[in-house]
Amino acid sequence: VLDILDALESPARGGSPGTAVALGRRLGVCSTPGCRAVLGEPLGTPERPPALTPGQWQLLTELLHHDPATPELGAVLAPDGSTVALGPLLAGIEAGLRSGGFGRPLPTLDPPADPLLAVTITEALGTSFLLAQGGDNNATALGPGGCWDDVENPQNYTLRGPPSPVPDPVAIGAMDGVVLGARLARGPLPVAELLRGYYGTGNGSEAGRPPSSYRRRNFGALAEQGRLEKEVAAVLELLRTLSPTSELLRDVGTQEVAAVAQKAAREFSERYVECPAIMPRCLWGARPYRGTPAPLQPPLGSVFLHHTLEPSRPCQTFGACARAMRDMQRFHQDTRGWDDIGYSFVVGSDGYLYEGRGWHWVGAHTKGYNTQGFGVGIVGDFTATLPDPDTLALVRDELLPCAVRFGHIRPDFILRGHRQLGHTDCPGDALFQEIQSWPGFQ
C-alpha cells in the first residue's frame, strides 16, 4: 500500500499529497450519506493511473471497494501489529488535508458537527448503535476482532464472529484517521511519508515503539468520551436530513438520540480508549494448546506479576514481541513439558498485551495458585532496571482497572509478586520494589 501511495504521490509522475485520497474516494472509500455530505459526491469511476502497475491497481481497487457485507476485505496488517481498515483512515486523511487548506474547503454542516469525526467514527458509531438498539437483543454494535492467516506473510484476514458496522479494524482505522487528520490540518505532508513514520516501516524493525502504538491515548486526547457523545448526537441529527438515513431516524426522538450517543461514546471509550489492546494468540502466531484446558471461575481474587527473564531485553516492536511469545511458548511446551505458554497475559514494551492462556483458562505461572489468579509477565529482566513508565502504566492504570470493570477480577483483588508465593527472584528486585506502591498489593 505504501509503495502504491509513493507512486501516486510522486511529483515526477504528476502526483501530490491529495492524489491518493481523491482516488480512494472515487473507488468507494466514502460511501455513507454522512461522509458524502462532508467530503462531497465522488466523481465517476476512475481508470488505472499510469503510475500504477495492473497488479497494484487491482490490489488498490479490492482494498478500497466498500462492501459492508465483507468488512474484512478493506483491512491491512500494519507493521505495529494492528489491523487497519483503509476506508476511515483515508477519509480522515482527506478531511485533515482539506481543513489544513489543501484542496477544496470543507462545508459548514447544519446542524453543526465536526467533519473529521463524522467521516471517521461518529457516523459509523451512531448508526451502529441505532441499528443494534432496533434489532434483537444479541445484536452487537462494536467488534469483533479477527485473525490473519500468517503473521509473517499475511494474505487473508478473517473476523472472529458476525461483524457489527464497527468491527475492530474499522475502529482502529477511524482512530488513526482522526489522529493523522488532526496532524494534517496543521499542514500537508506526503501521505506515504506520514504513514511510514506513524506505523513504523518494517515488522522486524527494532527501532522502538511507533507513534501508532499510542493511538488510544492520542485519540482520547482529541475525542474524550464527553466530546464523542456530543458529536455522535450531532451527526445523527445531520443524518435525519439525508437520504436514506432519514428513514432510519423517522421515529427516533431527540432524547432517544441522546441516549444512543451516550451509550455509543461510553462503550467505544471503554473498549478502544481506556482499556489496553490485547493481541490475540492468532496474531502472534501461537501453536495450539496441547490437551484440554481447564476453565477458570471468574471473577478471580488475585493477580501475580512476573518478569520473563528471557528474553532479558524489553521488546519494543510488534515483530520482536511476537517472536518473544513464540520462543516462550516453545520453551514452555517443549522444554518444560507444559500444555501451553504459562502466563495468562504477557506485556510488551510496544504498547500491547499479548494473550497467553487468556481470561478463561487456568495457566501455569504461579505453582499452587494457578486457579486463584491471573499470571501477568512483563517481557524483560527487571532485577536492576524497571520497564519504561508507559509499560508500567499499561498494567497498573489500564489492565487492572479494566479487568475489574469487565468482571475478570474482583474489585478487592490482591496483587502479588511471584517471589511471595514460591522460591524465585521473580519479578526482579527493581520491579518488585515498584509494585509495592500499586493498588491491591499485599
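Note on segment 300-436: with charges restricted to the Cβ of Lys and Arg (+1) and Asp and Glu (-1), its dipole about the Cα centre is near 340 debye.
Remark: the chain carries a charge dipole of roughly 260 debye about the Cα centre, counting +1 on each Lys and Arg Cβ and -1 on each Asp and Glu Cβ.
How much area per residue is accessible in segment 1-274 when the probe is 1.4 Å and only protein heavy atoms are counted (Å²)?
Values: 12160 Å² over 274 residues.
Ligands and nucleic acids excluded, the figure is 44 Å² per residue.
Dipole orientation for segment 300-436: of the candidates P411, A430, P401, P411 has the Cα lying most toward the positive pole (charges on Cβ; Lys, Arg +1; Asp, Glu -1). In sequence order, segment 175-182 has phi-based couplings of 4, 5, x, 5, 4, 6, x, 5 Hz under the Karplus curve 6.51 cos²θ - 1.76 cosθ + 1.60, θ = phi - 60°, and Gly or Pro positions carry x.
Each of P54, V273, V166 was scored by the projection of its Cα onto the charge dipole of segment 1-274, and the greatest displacement toward the positive side belongs to V273; charges sit on the C-beta of Lys, Arg, Asp and Glu. Per-residue Karplus couplings for segment 337-348, computed as 6.51 cos²θ - 1.76 cosθ + 1.60 with θ equal to phi - 60°, are listed in order as x, 7, 6, 6, 4, x, 6, 6, 9, 10, 10, x Hz, Gly and Pro entered as x.
Note down the net charge around G368, summing +1 for each Lys or Arg and -1 for each Asp or Glu among other residues with Cβ under 15 Å from its Cβ. The partial results should precede the final answer.
On the way: positive: K367, R416, R419; negative: none.
Local charge sum for G368: +3.
Annotation: amide H of W361 within the under-5 Å range of L296, sequence separation 5 or more or interchain, hydrogens built in the peptide plane. Note on surface exposure: H408, H307, H66 rank H66, H408, H307 by accessible area, highest first, 1.4 Å probe. Between the C-alpha center of segment 73-144 and that of segment 3-25 there is a gap of 22 Å. Adding -39500 (n - 2.57) for every DSSP H run of four residues or longer, then dividing by how many residues the chain holds, sets the calculated 222 nm ellipticity at -11000 deg cm²/dmol.
Amide H contacts under 5 Å for I409: L300, V404, restricted to partners 5 or more places along the chain or on a different chain, H placed in the peptide plane at 1.01 Å from N. Taking 14 Å as the cut-off, the amide N atoms of segment 240-284 that come nearer than this to a point 7 Å along the Cα-to-beta-carbon line of D110 belong to 241-242. Its alpha carbons considered, segment 1-97 gives a radius of gyration followed by a Dmax of 13.0, 39 Å. With +1 on each Lys and Arg Cβ and -1 on each Asp and Glu Cβ, how big is the dipole of segment 248-313 about its Cα centre, in debye rounded to the nearest 20? So the magnitude is around 340 debye. Taking all protein chains in place and a 1.4 Å probe, what share, in percent, of the accessible surface of the chain do carbon and sulfur account for? Using a 1.4 Å probe with all protein chains present, the chain comes out at 53 percent carbon and sulfur. Summarising the amide proton neighbourhood of F441: residues at separation of 5 or more, or on other chains, whose placed amide H is nearer than 5 Å comprise L415.
Convex hull over the Cα atoms of the chain, averaged projected area in nm²?
Working: hull surface 88.6 nm².
Dividing the Cα hull surface by four gives the mean projection, 22.1 nm².
Using a Förster distance of 25 angstrom, determine the FRET efficiency expected from the C-beta separation of S243 and L131, and round it to 0.05. Walk me through the numbers before you get to the answer.
Values: r = 17 Å, r/R0 = 0.68.
E(calc), rounded to 0.05, equals 0.90.
Extending 7 Å from Cα along the Cβ direction at R36 and again at I278 yields two label points whose distance is 4.0 nm. Label-to-label distance, R419 versus D251, with points set 7 angstrom from Cα along the beta-carbon direction: 6.5 nm.
The values are calculated or read from the model by the stated rules, or taken from the named source; none is laboratory data. Values in this document were obtained by computation on a predicted structure and should not be read as measured data. When we count neighbours, we look across all protein chains shown, and the Cβ atoms used for this are built from the backbone with ideal geometry, even at glycine. What goes into the accessible areas is simple: the full protein's heavy atoms, side chains included, and nothing from ligands, DNA or RNA. Shrake-Rupley method; radii C 1.70, N 1.55, O 1.52, S 1.80 Å.
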